[in-house]
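The block underneath contains the structure these notes are about, expressed in structure tokens.
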Amino acid sequence: MRELFKHPEFKRGMREISTVAPGIAAWGLMTGVAMSKSGLSLVESLLMGIFVFAGSSQLAATPLILAGAPMWVVLATAFCVNLRFVVFSAHLRPYVMHQSLRRRLFSGYLMADLNYVMFTRRFALPAQDAAGVQAQDAYWLGNAGLGWFSWVIPTLIGIALANVIPVSWGLGFAGILALVGILCSLASTRLRVVSAGVAGMAAVAVFALPFKLNILVGIAAGVALCLLLERPTRHALAEPAKDKGAE
Amino acid sequence: MNQTDLGTVITIIGMVLVTILTRSFFFLSDKPWTLPAWAQRGLHYAPIAALAAVIIPEIVMSQGHLIATFKDARIYAALCGVGWFYWRSSLLGTIVAGMAVYLPLHVGLGW
């Protein structure tokens, strides 16, 4: 573990997440304010703020808890809101399977949208040798670890300052802007732009679905369409003369 | 402040476990297993699709409906953020420029 902290990739991971930390922080701050104002007790807000580490499921579950919904409904909601991370875990599996089960659970716990995206952008393929594996572990620990702090500490400040910071300022929008920046940095091929456009439109079109399932439908739609569009490109590789209309 | 309720505390602990379970879902089993090739190719498009599916409804919808007015600070802030990114390719700048447009329009004009 100590070797990971000293690894240059640990610092690199921290540096990359720090460029969006103000956005994460503003979002965490407003989540803290919202939880505290909604009527959770101090102990409940603190437990949720420190340990749950899942902004949208915190916001989705809080009103259900306060309305006295049965526990399974709250947990099912939290599960569904987190479903996109199930997809991400399938993607990251080959990167973490050398770790012990406990370590893998910890790696998974630290996963958020931003560090998943940054990690897969930095390491497009799982490492094949020990040095590469160590670099990936170090990057993940620095990137996701600092991401955790830059979410949780502002959440606690938000809980403390709930009566000073009005929700109406909309500071949490900074979190969306952080994601917008990452989205732009990922838009490197035409098909990826298609994927984003289709996913976004589909997520809007089926917004009425419960449990934020619109996000999952959006991902499925964007990925499926790109796989279909990819096919002509592969034929074109087989027959280089006929590559018109591919892409 | 409100009273702490034991049932709520247990629910929150359950949420912690759900968070870990979903994010580690495919890390749990040690059995050798790989994704089919088409799914692996699909994962090239998953990160950006996920971001768009999270972000775009947050920008163009309010209370479950597509916004019907141009007096919405989020649109201008997001466009400005995108513009900044392509001008300077700085993530921090994207956030700062976007909020510099968002806050005056939202807090000042109520958009």
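The values are calculated or read from the model by the stated rules, or taken from the named source; none is laboratory data. Remember, it's a predicted structure, so these values are computed and weren't measured experimentally. Using ideal geometry, Cβ is built from the backbone for each residue, glycine included, and neighbour counts are taken over all protein chains shown. These accessible areas exclude ligands, DNA and RNA; they are computed on the full protein's heavy atoms, side chains included. Shrake-Rupley method; radii C 1.70, N 1.55, O 1.52, S 1.80 Å.
Suppose we look only past 35 Å in the calculated P(r) of the protein assembly as shown. What percent of the Cα-Cα pairs does that tail hold? Considering the protein assembly as shown, 22 percent of its Cα-Cα pairs are separated by more than 35 Å.
For the interface of chains A and B, what total accessible area is buried with a 1.4 Å probe, rounded to the nearest 100 Å²?
Details: alone 14280 and 9710 Å², together 17030 Å².
That pair of chains buries around 7000 Å² in total.
Other protein chain C-beta atoms within 10 Å of residue C-beta, averaged over B:32-38: 2.
Computed in the context of the full set of protein chains, the accessible area of chain B at 1.4 Å probe radius has 68% of its extent on carbon or sulfur. The mean number of partner chain beta-carbon atoms within 10 angstrom of a residue's beta-carbon across peptide A:19-27 is 3. Residue by residue, segment A:122-139 carries 3J(HN,Hα) couplings of 6, 10, 5, 10, x, 5, 9, 10, 4, 5, x, 4, 5, 4, 5, 4, 5, 4 Hz when phi is fed to the Karplus relation 6.51 cos²θ - 1.76 cosθ + 1.60 (θ = phi - 60°); x denotes Gly or Pro.
Between amide H atoms placed 1.01 Å from N, distances below 5 Å from B:ASN2 occur with A:LEU42, all of them 5 or more places distant or on a separate chain.
Residues whose amide H lies under 5 Å from that of B:SER62, counting only those 5 or more places away or on a different chain, are B:ILE67; hydrogens are built 1.01 Å from N in the peptide plane. What the phi angles of segment A:73-89 give under the Karplus curve with 6.51, -1.76 and 1.60, with θ = phi - 60°, is a coupling list of 5, 4, 5, 5, 4, 4, 4, 5, 5, 8, 4, 4, 5, 4, 4, 4, 5 Hz, glycine and proline written as x.
For segment B:8-111, trypsin sites (Lys or Arg not before Pro) meeting the loop criterion (DSSP other than H, G, I, E, B) and having at most 14 other Cβ atoms within 10 Å: B:LYS71.
What shape does chain B have by the C-alpha gyration tensor, where a ≥ b ≥ c are the square roots of the eigenvalues, rounded means a/c under 1.5, and otherwise prolate means a/b greater than b/c and oblate the rest?
Working: a/c = 2.49, a/b = 1.32, b/c = 1.88.
In terms of gyration-tensor shape, oblate.
Couplings 3J(HN,Hα) of segment B:12-28, computed from phi: 5, 4, x, 5, 4, 5, 5, 4, 5, 4, 5, 6, 10, 3, 8, 8, 5 Hz, in residue order, whole Hz [Karplus 6.51 cos²θ - 1.76 cosθ + 1.60, θ = phi - 60°; x for Gly and Pro].
Expressed as a rounded percentage, what relative contact order does chain A have, with Cα pairs under 8 Å and six or more residues apart? With pairs under 8 Å counted, the relative contact order is 33 percent.
Counting other C-beta atoms within 10 Å, and keeping those with at most 14, which DSSP coil chymotrypsin sites (Phe, Trp or Tyr not before Pro) do you find in segment B:1-110? Numbers along the way, then the final one.
Values: sites: B:PHE25, B:PHE26, B:PHE27, B:TRP33, B:TRP38, B:TYR45, B:PHE70, B:TYR76, B:TRP84, B:PHE85, B:TYR86, B:TRP87, B:TYR102; in loops: B:TRP33, B:TYR45, B:PHE70.
For chymotrypsin sites (Phe, Trp or Tyr not before Pro) across segment B:1-110 that sit outside H, G, I, E and B with at most 14 neighbouring Cβ atoms in 10 Å, the list reads B:TRP33, B:PHE70.
Solvent-accessible area of segment A:2-186 (1.4 angstrom probe, protein heavy atoms only): carbon and sulfur portion equals 70 percent. Measuring heavy-atom accessible area with a 1.4 angstrom probe and counting protein chains only, the residues of segment A:84-104 that give up at least 40 Å² relative to the chain alone are A:VAL86, A:SER89, A:ALA90, A:HIS91, A:ARG93, A:ARG104.
Just to confirm, what accessible area per residue do you get for segment A:1-114 at 1.4 Å probe, in whole Å²?
On the way: 4680 Å² over 114 residues.
Per-residue value: 41 Å².
The mean count of C-beta atoms from other chains within 10 Å of the C-beta of residues in B:69-75, rounded to a whole number, is 1. The packing ranking, built from the mean of other Cβ atoms within 10 Å per residue, places the peptides B:8-15, A:138-145 in the order A:138-145, B:8-15, highest first.
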